[in-house]
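Engineer: Have a look at this one before I ask anything.
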Amino acid sequence: MKKSVSIPLRLLQREPQALHHILRRFGAVVPPEEEPAFYTLRLRWTQYLLELIVLGDSARVERFLAETLPEELIFETEKLSENEEQLARYLVVSAVALFAHTAICAGLPAASAFALQNGVIRQVDSLAGPEQIYPLIFEALRAYCGAVHAHRISACSHPVRMCCEYIEENIYAPLRVSALGDVCGLSAKYLAERFQKELGVSPKAYILRRKLEHARFRLMEYREQPIAEIAFLYSFPDHSHFSARFRRHFGVTPQEMRWRARTGEAAPAPWGY
């Protein structure tokens with residue numbers, strides 16, 4: 001028997017540490033087994049949360065938790081227990097295991113991913129009541145997103161980290177390698193050598209990769225927005241250029257990516273580059 005657990009997102013507008021007063025109510029409903037809208041919503045939000053972790057954009061996570069979103073986020077799980085508190089524990093542990101696997105595939109060392117997972121599980125054991133336990137899903141989302149981002153640039157020198165942060169803050173702009181040199185005070189040639197040594201790619205390739213990763217997320221986040229508009233938003237010359245770069249990077253076109261995510265059929269993994 002399946003059971004859906006509904007968590008009101010509007011009650012998650014809070015400080016990260018305020019775990020004990022986050023949710024004011026807890027509800028459980030059993031939707032019709034044949035209701036396609038239920039399964040579509042479940043698949044959509046699962047993909048969305050994993051994309052947030054892969055993107056490693058903590059600011060976007062905070063917007064996701066704070067802005068006006070659909071009334072409730074629905075998770076589905078087997079009814080493994082009649083006890084609501086025990087069911088909450090099972091769901092959090094399952095979600096965090098998925099987060100850990102996603103973070104590892106996104107580049108986070110397994111030891112770090114499992115250390116975070118173990119930390120959340122210890123918190124699960126220390127809390128009582130679904131209203132305290134369920135919010136750990138969102139605390140884990142914050143933690144994994146931040147860890148993925150930090151790891152990407154943890155071994156980088158200060159100038160390269162400055163450039164990476166500048167790229168994230170100006171992801172929509174038509175970024176130029178020469179501008180990065182101005183940010184960190186290094187020549188373009190020396191900066192290119194540092195990027196190649198520390199990140200394994202040139203500054204130009206890194207900029208392209210991050211733009212594509214952000215654009216991929218936006219395809220999932222704003223499913224009705226025309227792809228041409230997304231291409232323009234991230235400063236690609238045109239739709240065709242964007243689609244060609246996207247396919248080279250992810251193995252599918254933006255149209256295919258969006259269609260598969262919408263239907264839930266064989267959608268590529270979010271870390272699949």
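The values are calculated or read from the model by the stated rules, or taken from the named source; none is laboratory data. Worth saying up front: this structure is predicted, and the values here are computed from it rather than measured. Don't worry about glycine lacking a Cβ; one is built from the backbone with ideal geometry, like all the others, and counts go over all protein chains shown. Note: areas computed on protein heavy atoms with side chains; ligands, DNA, RNA excluded. Shrake-Rupley method; radii C 1.70, N 1.55, O 1.52, S 1.80 Å.
Engineer: Sort largest first and round to whole Å: the equivalent ellipsoid semi-axes of segment 116-264, each the square root of five times a Cα gyration tensor eigenvalue.
Structural biologist: Numbers: eigenvalues 203, 125, 29 Å².
Taking √(5λ) for each eigenvalue gives 32, 25, 12 Å, largest first.
Engineer: Using a 1.4 angstrom probe with every protein chain in place, what is the largest-first accessible-area order of 204, 211?
Structural biologist: Ranking 204, 211 by accessible area, largest first, yields 204, 211.
Engineer: Dipole of segment 154-258 (Lys/Arg Cβ +1, Asp/Glu Cβ -1, origin at the Cα centre): which of 208, 170, 196 lies farthest to the positive side?
Structural biologist: Positive-most Cα among the choices belongs to 196.
Engineer: Just the accessible area for residue 65, please: 1.4 Å probe, Å², rounded to the nearest 10?
Structural biologist: So the heavy atoms of residue 65 present about 10 Å² to solvent.
Engineer: Here's something else I'd like to know. Residues of segment 151-166 with the amide nitrogen closer than 18 Å to a label point 7 Å from the Cα of residue 187, along Cα-to-Cβ, please.
Structural biologist: Zone members listed by number: 159-160.
Engineer: Still on this structure: Computed over the Cα atoms of segment 120-194, what is the ratio Rg over Rh, Rh following Kirkwood?
Structural biologist: 1.25
Engineer: How would 46, 102 line up by accessible area, probe 1.4 Å, largest first?
Structural biologist: Numbers: 46 55, 102 0 Å².
Per-residue accessible area, sorted high to low, gives 46, 102.
Engineer: Also: Could you order 125, 238 by accessible surface area, starting with the largest, using a probe radius of 1.4 Å?
Structural biologist: Largest accessible area first, the list is 125, 238.
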